[in-house]
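Asker: Okay, here's the structure, questions in a sec.
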Amino acid sequence: MKFLSIFLMTISIILSVNFQVHGETLKCDYKFDYFAGWVYYYGCIVQNKEIFNGNRVTIEKIEGEHKGHSTNRGVEAFQLEDAENLKYFPIGLNNFFPYLKSIQISSSKLVEIKYDDLKNFPHLEYLDLRFNKITEIDENTFKNNQKLEYIDLSYNKIKNVNQKAFHNLQNLKTLSLKRNQIEIITEELLSENPNLEDFNIRNNKIKAINANAFDNLQLLRSLDLSENICELLNAASKIEVQFVIKKLKKGQCQI
């Protein structure tokens, strides 16, 4: 019994070490810039990427010299690139930057994006999570982000997208799911996004597209379905688009 107790205690210690949340200080380079590519924001560019070590990290302190009379509450953009060991969204970021409109975490190892990660950013308009390792998008991921206009999830490993994941995003204009592993575009996926103008799902594993998939996209201007192996594409012919990318390889998606 004594040996068993010691063994169980050892296992408990190991588990607590592996799953503990680390508190860290985030170092920012603050500047005014076109963070979202098209909007001029005051933002934080993360300088100490090494604090992300594969575990869940809680931000306990922010360091960096603000410009002029700006404060943390005035920060609208957050940029973190090339964090090789970042697997999870930073916890507590909203405690310092409650009014973020733009979040970019790209070229890292982010394995998931959940409702709890984004729920405290109701002002978010721009989300860039390109070049990560995300595998799925849940129904409630963007539940509290109704102001989102731009989402880029390209170059991930997304295979499963809940069919209601984008349903509350009435303001969504651009959605890029390029270079993932999505297989089907259903009728529900974009049924609640009437203001969508640009949809890119190039180079996935699309096998079928529901004939009514694009019925509600009256403002759609750019649609890229190329580099997919599709069985049904009559959906694309049902909408009037001014510009459709047609660089399609033989034997793949045909419009």
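Asker: Please tell me if PHE121 is closer than 22 Å to THR174 by Cα, at pLDDT 95 or above, touching a helix residue (DSSP H, G or I) at 6+ places or on another chain (Cβ under 8 Å) and among the aromatic types (Phe, Trp, Tyr).
Answerer: For PHE121, the condition - closer than 22 Å to THR174 by Cα, at pLDDT 95 or above, touching a helix residue (DSSP H, G or I) at 6+ places or on another chain (Cβ under 8 Å) and among the aromatic types (Phe, Trp, Tyr) - is met.
Asker: Being part of a loop (DSSP other than H, G, I, E, B), surrounded by 18 or more Cβ atoms within 10 Å (Cβ to Cβ) and not small (Gly, Ala, Ser) is the filter here; which residues of the range 140-166 pass it?
Answerer: THR141, PHE142, ASN145, LEU148, GLU149, LEU153, TYR155, ASN156, ILE158, PHE166
Asker: Still on this model: Does any residue in the range 175-200 that is hydrophobic (A, V, I, L, M, F, W, C) come within less than 6 Å, Cβ to Cβ, of a residue that is at pLDDT below 95 and in a strand (DSSP E or B) six or more places away or on a different chain, and which pairs are these?
Answerer: Final answer for the pair search is ILE184/ALA208; ILE185/ILE209; PHE199/LEU223.
Asker: Looking for something small (Gly, Ala, Ser) and more than 23 Å from GLU84 (Cβ to Cβ) - is there at least one such residue anywhere in the range 150-166?
Answerer: Checked the range 150-166: at least one residue is small (Gly, Ala, Ser) and more than 23 Å from GLU84 (Cβ to Cβ).
Asker: Only one of these is crowded, with 17+ Cβ neighbours inside 10 Å, within 19 Å of LEU175 (Cα to Cα), aromatic (Phe, Trp, Tyr) and modelled with pLDDT of 95 or more: PHE78, PHE97, PHE131. Name it.
Answerer: Every option except PHE131 fails the conditions.
Asker: I'd like the residue in the range 73-91 that is in contact with a strand residue (DSSP E or B) (Cβ under 9 Å, 6 or more places away or on another chain), without any contact (Cβ under 8 Å) to a residue 60 or more places away in the chain and outside any loop (DSSP other than H, G, I, E, B) and, out of all such residues, is farthest from ARG130 (Cα to Cα).
Answerer: Within the range 73-91, the match that is farthest from ARG130 (Cα to Cα) is GLY74.
Asker: Another one. Quick one: which of LYS27, LYS67 is basic (Lys, Arg) and either surrounded by 13 or more Cβ atoms within 10 Å (Cβ to Cβ) or not in a loop (DSSP other than H, G, I, E, B) (or both)?
Answerer: After applying the criteria, what remains is LYS27.
Asker: Here is a further query. Give the residues of the range 187-232 that are part of a loop (DSSP other than H, G, I, E, B), crowded, with 19+ Cβ neighbours inside 10 Å and of a type in the set (A, V, I, L, M), sorted by residue number.
Answerer: LEU189, LEU190, LEU196, ILE201, ILE206, ALA213, LEU217, LEU220, LEU225
The values are calculated or read from the model by the stated rules, or taken from the named source; none is laboratory data. Here the structure is a predicted model, which means the values were calculated and not measured. When we count neighbours, we look across all protein chains shown, and the Cβ atoms used for this are built from the backbone with ideal geometry, even at glycine.
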